[in-house]
């Protein structure tokens, strides 16, 4: 079932039925621009072009070319100089959202946080165990 959404490109309201964030009209426009970029890249002399060079030669926006690369419509294996910035540090990458260093840093931080969570849970359990002390008063057991 579709969902109402605003087009990320033109702002027009449309029924979103797929993962596309743009309305059908803007999608058609994107397809035309993709064909322009793809035809440019198919020429042997242009296969090693960078994204800024493609933008300059075709007039297609850099953000849209990056979107094509992220969607794997333009593959770095076929066009080796297609790279875009890491979302954290800005280093050029050819796949994903983060470079290897930022990905490792995030993974290490998550592992560290997991260790902290485990220690905190162990401390809470020890505190709960300590509060259940039994006292004997005149031969009767009472729980505090």
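Tabulated results
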| item | result |
| --- | --- |
| Folded to 0 to 90 degrees: helix 100-130 orientation relative to the chain principal axis, Cα | 20 |
| Relative intensity, log₁₀ I(q)/I(0), of the stretch 21-98 from a Debye sum that treats every alpha carbon as a point, q = 0.22, 0.27 Å⁻¹ | -1.01, -1.36 |
| Label zone at residue 91, where the point sits 7 Å out along the Cα-to-Cβ direction: the stretch 103-123 residues whose backbone N lies under 15 Å | 103-108 |
| Selected from 46, 123, 81 as most flexible by GNM, with the chain as the system and alpha-carbon contacts under 10 Å | 123 |
| Degrees separating the helix 24-42 axis from the principal Cα axis of the chain, which is the longest one | 70 |
| Two-site label geometry, residue 120 and residue 81: point separation in nm, points 7 Å out along Cα→Cβ | 4.9 |
| Tail weight of P(r) past 20 Å, computed on alpha-carbon pairs of the chain, percent | 67 |
| Inter-label distance for residue 17 and residue 101, nm, one decimal - labels placed 7 Å from Cα along Cα-to-Cβ | 4.6 |
| Least to most buried among 112, 38 (fewest other Cβ within 10 Å first) | 112, 38 |
| Per-residue [θ]222 nm for the chain (sum of -39500 (n - 2.57) over DSSP H runs n ≥ 4, rounded to 500) | -15500 deg cm²/dmol |
| Full-stretch length increase - residue 42, residue 61 - with 0.36 nm per residue and alpha-carbon distance subtracted | 5.0 nm |
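Where a number appears in this text, it was derived from the coordinates with a stated rule and is not lab data. This is a predicted model, so every value here is computed, not measured. In this analysis, Cβ positions are derived from the backbone assuming ideal geometry, glycine residues included, and neighbour counts consider all displayed protein chains.
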